[in-house]
């Protein structure tokens, strides 16, 4: 499958190293390197669940962000000058794109040790700032091709089809929140094209400078900007999850998220009214997670494991805010 892609992007002579797939992963991804000098990321998508317009909408957004100064790994055109290429393979249309390799490394690959001599607050601030740049530019973006919307993606009808009736309480809890999301404002300052998976697995950190470079816009969707901020909140809990005192735990998260917001607001603003709805948007990130787990299980013909979704289900069903992070453990 890679031979055609190699020709389309003039990758002859490059070493292609496959990136191990993760559960629910949609693509085959390869790190392409040439004598340690040039480095790219090749993505091959063959699930057949997305259209050319979907991929064009994603790559055009990345190109727009990169050309306007956002800290993102840019898309690299093919030998034909296209941001997305495709070909037929075994009766399936395969879509291919090439991206710059983001400078730096995953923080997890450094044992979650931040750069020597710098406080974690710098890292928190920089993540917020990087997201703020993306959102500031998104608010001005005029797309040629369009991605889908949260409302189209997550409907009561889809939830009822996807999740078995044995999870009736969960389905009702999700649908209740979907109705509440319908009432949220969708003005240009609150709603637009978001990353939808902004977390430390999707950006590299330059451990010399602290700079962040964002990648993997594969899930980008029209949604509330608060979703990305809530996603940063939920992925920040790992810094403090071992604090036994729930009040101290939440105080640490207030400090963390306040620093993230300082960085974010250095680029664009978020209203106090939307920030007040942080618990509701954290629930939205949990719904996205639970839905993804059921979708993965459907593809594999399995049932989700209790240990994977049990806490998320419990919090949604019983209206426990912040994913239970403020509860006594």
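For the reader, a short list of remarks on this structure follows.
- In nm, spacing of pseudo-spin labels at residue 180 and residue 151 (7 Å Cα→C-beta vector): 1.8 nm
- Contact order relative to length of the chain, as percent, for alpha carbon pairs under 8 angstrom and 6 or more apart: 18 percent
- Residues of segment 73-99 falling in the label zone of residue 2, defined by backbone nitrogen less than 15 Å from a point 7 Å along Cα to beta-carbon, are 97-99.
- Pairwise FRET efficiency - residue 254 versus residue 103, Cβ, R0 = 35 Å, nearest 0.05: 0.65
- Debye intensity ratio in log₁₀ form over the Cα atoms of segment 154-306, taken at each q of 0.08, 0.14, 0.18 Å⁻¹: -0.27, -0.84, -1.28
- If the chain linking residue 189 and residue 241 were pulled fully straight, counting 0.36 nm for each residue of separation and taking away their Cα-Cα distance, it would gain 15.5 nm.
- Highest-first packing order for the peptide set 184-195, 220-231, 281-292, 76-87 is 220-231, 281-292, 184-195, 76-87, based on the mean count of other beta carbon atoms within 10 Å.
- Pair residue 34, residue 296: separation of 7 Å Cα→Cβ label points (nm): 3.6 nm
- Prolate/oblate/rounded label for segment 2-100 (Cα gyration tensor, a/c 1.5): rounded
- Here the sum of -39500 (n - 2.57) over DSSP H runs of 4 or more residues, divided by the residues of the chain, equals -13000 deg cm²/dmol at 222 nm, to the nearest 500.
- Per-bin percent of Cα-Cα distances, the chain [10 Å]: 5, 24, 33, 27, 10, 1
Here, each number is a calculation from the coordinates, and none is a lab measurement. Because the structure is predicted, anything quoted here is derived from the model rather than measured. Here Cβ is always computed from backbone atoms with ideal geometry, including for glycine, and neighbour counts include all displayed protein chains.
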